[in-house]
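Remarks on the structure that follows.
The values are calculated or read from the model by the stated rules, or taken from the named source; none is laboratory data. Source: prediction; values computed, not measured. Ideal geometry is used to build each Cβ from the backbone, glycine not excepted, and the neighbour counts take in all protein chains shown.
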Amino acid sequence: MVMSFPLLANSQSNYPDKPIRLIVAFPAGGSTDIIGRVVAQKLSERLGQSIVVENRGGAGGTIGTDIASKAAPDGYTLTLGTTSTMAVAPSAYSKLGYDPIKNFAPISLVAVTPYLLVVNPGLRANTLAELVALAKSQPGKLNYSSAGNGSTTQLAMEMLNDAAGISTTHIPYKGNAEADFAVVSNQVQVLFGSMPALLQNAKTDKVRAIAVGTAKRSPALPNVATVAELGYPGFEAALWLGLFAPSGTPRPIIDRLNKEIFAIVGTDDFKSAMEKNGADAVHNTPEQFANLVKIEVGKYGSIVKKLGIKLD
């Protein structure tokens, strides 16, 4: 027993001495994957170890997150948690295999992205007011895509449905990339999607941007007004993304990773990469992040209950 303590301390001081696995709980090509791969690259450079991104999509990101929660708490398995997997899922799933508060050690936020309301260019709706009027004239006939049942892309649109008093039909897909393509190809008409995955399609007019969900306009699309500006005060829909380790991961490892993330998000290179994808680079302490998760679980729990969303 006496020998275990110096050995443990030595293993932590040498961290990392082998490759790290970063579980992204969504398919490749979506906003979480885009940001996750940038974080993995920059963190790998600072740690001097390779970081292997492992996409484990499905069930609104809960499958991959569950896998991450059960990994060894040694700092060699991390996950990029999101509003969807850490704040929405606990109330939307009655049989969730993990508890975001009990089963994870928050490390730091890395990015916050607005949600962008877009429509297929062929839809006769150039503004939010026209979209709402069209939806009211055809209750339930407009379809909207999402990144999957329980995803924040579903919740953002349901929040708009509730705020505007409209009814649209939910068509879930397996991730942001498929949800985005569904609007571009006119399989569905509407999407309240994540900015990183939608930004290039919006800039090239493959989709028509109607409004952003954040309280302030996005620098990436400064001419697109917020939902709040357009007649729905207080409306806010945004996605945060942050790095988590399994609960029980030694605090020195958490602190080391937090220190490196702090250095990464402060660089012009990382900020530029985030801005290119419509995201803001952010950082906080493990304690601040843990508090945010608790607040967000309560916030989205109330919204999910009000909307009656049940995913299992």
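Summary of computed values
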| item | result |
| --- | --- |
| Out of Glu229, Glu158, sole residue that is surrounded by fewer than 20 Cβ atoms within 10 Å (Cβ to Cβ) and either without any contact (Cβ under 8 Å) to a residue 40 or more places away in the chain or out of contact with any Gly (no Cβ under 8 Å at 6 or more places or on another chain) (or both) | Glu229 |
| Selection within the range 234-244 - at pLDDT 95 or above and either over 17 Å from Gly30 (Cβ atoms) or polar (S, T, N, Q) (or both) | Leu243, Phe244 |
| Residue match in the range 264-285 (condition: modelled with pLDDT of 95 or more, among the β-branched types (Val, Ile, Thr) and within 20 Å of Ala25 (Cβ to Cβ)) | no |
| Cβ pairs under 7 Å, 6+ apart, first in the range 197-211 and more than 14 Å from Leu117 (Cβ to Cβ), second at pLDDT 95 or above and in a loop (DSSP other than H, G, I, E, B) | Asp205/Pro121 |
| Counted residues, the range 172-220 - those being surrounded by fewer than 17 Cβ atoms within 10 Å (Cβ to Cβ), among the charged types (D, E, K, R) and closer than 15 Å to Ser145 by Cα | 1 |
| Which listed residue, of Glu275, Glu229, Glu260, Glu236, is farther than 17 Å from Gly75 by Cβ, in a helix (DSSP H, G or I) and of a type outside the set (Val, Ile, Thr) | Glu275 |
| Test for Ala220: is it outside any helix (DSSP H, G or I) and without any contact (Cβ under 8 Å) to a residue 40 or more places away in the chain | no |
| Search result, residues across the range 1-35 that are of a type in the set (Gly, Ala, Ser) and modelled with pLDDT under 95 | Ser4, Ala9, Ser11, Ser13, Ala28, Gly29, Gly30, Ser31 |
| Output for the range 137-153, where each listed residue is surrounded by 21 or more Cβ atoms within 10 Å (Cβ to Cβ) and either among the acidic types (Asp, Glu) or part of a strand (DSSP E or B) (or both) | Tyr144, Ser145, Ser146 |
| Of all residues in the range 18-36 being part of a helix (DSSP H, G or I) and touching a strand residue (DSSP E or B) at 6+ places or on another chain (Cβ under 8 Å), the one that is surrounded by the most Cβ atoms within 10 Å (Cβ to Cβ) | Thr32 |
| Val53 vs. criteria assigned by TED's automatic domain parsing to the domain that holds Thr267, surrounded by fewer than 22 Cβ atoms within 10 Å (Cβ to Cβ) and in contact with a strand residue (DSSP E or B) (Cβ under 9 Å, 6 or more places away or on another chain) | yes |
| Only listed residue being within 24 Å of Asn291 (Cα to Cα) and in the same structural domain as Arg21 (by TED's automatic domain parsing), chosen from Ala87, Ala59 | Ala87 |
| One residue from Gly64, Gly75 being modelled with pLDDT of 95 or more, in the same structural domain as Ser302 (by TED's automatic domain parsing), of a type in the set (Gly, Ala, Ser) and in a helix (DSSP H, G or I) | Gly64 |
| Hits in the range 98-136 - residues which are at pLDDT below 95 and surrounded by fewer than 22 Cβ atoms within 10 Å (Cβ to Cβ) | Val112 |
| Criterion (touching a strand residue (DSSP E or B) at 6+ places or on another chain (Cβ under 6 Å) and either buried (at least 19 other Cβ atoms within 10 Å of the Cβ) or touching a residue at least 40 places away in the same chain (Cβ under 8 Å) (or both)) met by exactly one of Val282, Val297 | Val282 |
| Qualifying residue in the range 84-100 (condition: assigned to a helix (DSSP H, G or I), touching a residue at least 40 places away in the same chain (Cβ under 8 Å) and of a type in the set (Val, Ile, Thr)) | yes |
